[in-house]
Amino acid sequence: MNAPDKNRAQRFWLIAVLIAFELGLVVVACVGRRANTPGPASAKDYFGNVAPPRGQVFTFNNGAEPEHLDPAVMSGQPDGRVARLVFEGLVSSDPKTLAATPGQAYRWDLSDDRKTYTFHLRPGLQWADGQALTAQDFVWSWRRVLSPATGSRYANFLYPIKNAEAFNRGELADSSQVGVAAPDDSTFVVTLENPTAYFLEIAAFYTALPTPRHLVEKLGSNWESAHNLMGNGPFRIVEWRQKDRFVFVPNDRYWDRANVRLTKIVALPIEEVSTSTNLYKAGVLDWNPSGYVPKQVIPFIQKFKDFSGGPFHAVYFYSMVVTRKPFDNVWVRRALNYAIDREAIAKYVLKGTVRAWGNITPAGYTGYDAPAPLRYDPVQARECLAKAGYPGGKGFPKIEILFNTSEDNRRIAEAVQAMWKRELNLSVTLTNQEWASFQAATTARQYDVARRSWIGDYMDPNTFLDMWQTGNGNNRTGWGDPRYDALLRGATREPDTARRLAMLSQAEAILLADGPEIPIYHYTESSLIKPYVRGIYSTMLDVHPLTHVWIDHGGKDGDAVAAAPRAAPEAAPQAEGRP
Amino acid sequence: MIPTLWVIATLTFFLMRAAPGGPFQSEREIPAAAKEQLLRQYGLDKPLAEQYVRFLVNAVRLDFGPSYKYPTQQVRDIILTSFPVSLELGLWALLFSLALGVPIGVLAASRQNTGFDYGAMASTLLGVSVPNFVLGPLLVLLFSLTLYWLPPALWITPADRILPVLTLSAIYLAYIARLTRGGMLETLKQDYIRTARAKGLPESRVIFGHAFKLGILPVVSYLGPAVARIVMGSIVIEQIFAIPGLGRHLVSAAFNRDYTLVLGIVIFYAGFLMVLNLLVDVAYAWLDPRVELA
């Protein structure tokens, strides 16, 4: 090739690259509107690529880098998802209903006074390193959670256990007085302070997972580094690179190993919601869990079959500091509540991606008869404000809405600002702070009105009502009412479910009438699951046991063999649940 | 260098402490016993002056302790595992910008005022002005989500490198191309080039044998600070492409009030930047012919 030819070739190549590189942008701008165009191997009904991965390999976004791998001290959802893969508690959760199913215990009994649970452990349980796992491990693990020296942030989950709270607060030094015992290696007995309807859910929670005493005592806090971590659950960690990925493979010593079909799980820590959704669309992720679909695109994505948008056990609300003027006046609180058009916020501000909500507790509790929700009533709102001594908003001080920085929070605050101005003629300012500053301000009650939210921990109204008791650390409003406290205490001791729920409902009614809370909307779950993934369902608590998940290749790749009926647990009778 | 580092470390230490909230601030109340235990464990219950002295003593030994947010990880280990990732991303981007930017600049200069020149300069103008948080998602939209050619994020396979490297290099490529063109145009007007042409040398010899060495000098002087910037990790790109680099850690550490991690990364950055600046100064003295003559 002579020189001019070479130059020409070089020139052509450069121009080609430049066209691809820069004019490509213009092309992108044009196809942008058709970004939903399915990939090569995808059906139109689904969002993006639907070609299943080769083999039984499952990849999902775990959301963020876990802070802890030690179940006793962890306090975040990403941590919990890893823990539930590596460890298994006394009971597990049904992937559809989250009802307690047999875990390390194959059966349990509840005493007549509903205060003593006796768990019967499966024979031959082992840690992943082959050490035997006995009831003593649970006794030791639960005491460890409660020990003040452990510094467990979720120790209060175990407070329903007898003497647990006193021991955790350091008021009781003797750990043997905590209501956990192991009369023999396969029996674990829990004595509760009060009948606790949701105790099995607590037993399935990650704080209650067992931890390997032999490793914790040998390695100290180093035991929770990924290469030392050893559990008793369906999977074990084989690779961990920070902010990069976790890789899990089945634990061959798990009692139900025969029914674990996945051969590998990859968990990616992706915080950026659009990146996560992109990876899902491109087919890298098989599961994009709730919270990682950008809110703005939900109205567009929700028509696809792989979008899942059930209700989520959480409520978005505003709270007011009742020790400050003018919020110390109950009529002011009522006026502010009546003046809010929740339907408009849900429909126009949030484009119908959430449900307007006028209650403290979310939907979905069996047997719970929630009080009538707060409703939008501008006339009533103006009357209340007049009763408070500010007719037509005259003399009402300027108030401020505080929220943590986010586009949605701002738009909601703007809507509320406009509603309070329109209905009550109040002047409201908006202030946003980044997360940590915002938490510091609300904890110190340094605000007028603040954006809050609460995610329930177990399926019982108590998880939403408990925090409003006088002096509770999550109250953050200074509100308290002896009638309310009495109802909640009474409900805790009440063994009869119907009566207990009725008392909680009365308590909620007090809160709605006089309380410091302005409920706004009920969260919805919004996740994406590829059509070939089997075993993940939409659940209220956004908890998803992955033990029995598998990839459906449509009968190819040995699926048929793997899909054989599940073997009954060896030498273990079927679970009974509550008598 | 040491006094500068000390000032930076001290400022960062006190600024972090002045920010509201702390590493154990959470949406849910932490049981009092747990909170006390955590504060004691990290020495946060001690007076600030004592904490500061302890921090300085440890910092001298390059020991920043464990991260507050990820207590299983030492700050040093976090930096040592994530910096190489940022470095790799930066070096690829630099290499790509040079490999493409210099030839474009040279060609544009040798064909001044032709279609190619105008085209190249218009596209580089675009490259300079489109911010990477716009370019990145656009490239992802085209190559990953519409054409399904390349992965949209992550840092595992070689193919994963392509889009982040392209995104990061765009602006450097554009600068390098423009600087090369400017330098070459300047040089091509020189008398010795006319001489070279007059003696009948082919144009390629004139450009590569004679003009190139001088014409490339502006690029060399630009490279010094550019190298420092490019290998330190791009926060935006690491975030968009979920790359486990150092830039991503710095931002999240500040939001998490992860005192030890912030201090560790800031001191590392500062030290690294100073060393690079020093190296650039040395390289200048070595490259610049005037210095050589003196």
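The values are calculated or read from the model by the stated rules, or taken from the named source; none is laboratory data. Quick caveat: nothing in here was measured; it's all calculated off a predicted structure. Glycine gets a Cβ as well: all are built from the backbone with ideal geometry, and neighbour counts include every protein chain shown.
Against the condition touching a helix residue (DSSP H, G or I) at 6+ places or on another chain (Cβ under 6 Å) and not in a loop (DSSP other than H, G, I, E, B), how does B:Thr180 come out, does it pass? So B:Thr180 fits the description; yes. Of the candidates B:Val266, B:Val236, B:Val275, B:Val262, the single residue that is modelled with pLDDT of 90 or more, part of a helix (DSSP H, G or I) and closer than 29 Å to B:Ala170 by Cβ is B:Val266.
Here the condition is being closer than 16 Å to A:Val322 by Cβ and within 12 Å of chain B (Cβ to nearest Cβ); of A:Asn404, A:Asn475, it holds for A:Asn475 alone. Residues in region A:517-539 that are surrounded by fewer than 20 Cβ atoms within 10 Å (Cβ to Cβ) and assigned to a loop (DSSP other than H, G, I, E, B): A:Pro531, A:Tyr532, A:Gly535, A:Tyr537, A:Ser538.
More than 30 Å from A:Val293 (Cβ to Cβ), without any contact (Cβ under 8 Å) to a residue 24 or more places away in the chain and either of a type in the set (A, V, I, L, M, F, W, C) or outside any loop (DSSP other than H, G, I, E, B) (or both), is that true of A:Ala486? When the stated conditions are applied, A:Ala486 passes them. Among the strands (runs of 3 or more DSSP E) confined to region A:233-286, the ones with at least 2 residues that are within 12 Å of another protein chain (Cβ to nearest Cβ) and without any contact (Cβ under 8 Å) to a residue 60 or more places away in the chain are located at A:235-241, A:245-250. When you go through A:Glu400, A:Glu407, A:Glu414 one by one, which is the residue that is modelled with pLDDT under 95 and acidic (Asp, Glu)? Exactly one residue qualifies, and that residue is A:Glu407.
Considering the conditions (1) more than 23 Å from B:Ala283 (Cβ to Cβ); (2) surrounded by fewer than 17 Cβ atoms within 10 Å (Cβ to Cβ), B:Leu185 is excluded by exactly one of them, (2).
Can you say whether B:Ile235 is within 30 Å of A:Thr277 (Cβ to Cβ) and among the β-branched types (Val, Ile, Thr), as far as the supplied structure shows? Spelling it out, B:Ile235 is indeed within 30 Å of A:Thr277 (Cβ to Cβ) and among the β-branched types (Val, Ile, Thr).
Between A:Tyr206, A:Tyr198, the distinction of being away from every other protein chain (no Cβ under 11 Å) and in contact with a Gly (Cβ under 6 Å, 6 or more places away or on another chain) belongs to A:Tyr206 only.
Within region A:242-260, being within 29 Å of B:Gly65 (Cβ to Cβ) and either aromatic (Phe, Trp, Tyr) or more than 24 Å from the chain's Cα centre (by Cα) (or both) holds for one residue alone: A:Phe246. Could you tell me whether A:Lys305 is touching a residue at least 24 places away in the same chain (Cβ under 8 Å), within 13 Å of chain B (Cβ to nearest Cβ) and of a type in the set (Lys, Arg)? For A:Lys305, the condition - touching a residue at least 24 places away in the same chain (Cβ under 8 Å), within 13 Å of chain B (Cβ to nearest Cβ) and of a type in the set (Lys, Arg) - is not met.
Of the helices (runs of 4 or more DSSP H) that lie entirely inside region B:1-93, those containing 1 or more residues that are away from chain A (no Cβ under 14 Å) and surrounded by fewer than 20 Cβ atoms within 10 Å (Cβ to Cβ) span B:2-18, B:48-60.
Of all residues in region B:127-153, those being buried (at least 22 other Cβ atoms within 10 Å of the Cβ), more than 8 Å from every other protein chain (Cβ to nearest Cβ) and not in a helix (DSSP H, G or I) number 0. Within region A:422-437, does at least one residue satisfy the condition of being in contact with a helix residue (DSSP H, G or I) (Cβ under 7 Å, 6 or more places away or on another chain) and of a type in the set (Lys, Arg)? Looking through region A:422-437, none of the residues is in contact with a helix residue (DSSP H, G or I) (Cβ under 7 Å, 6 or more places away or on another chain) and of a type in the set (Lys, Arg).
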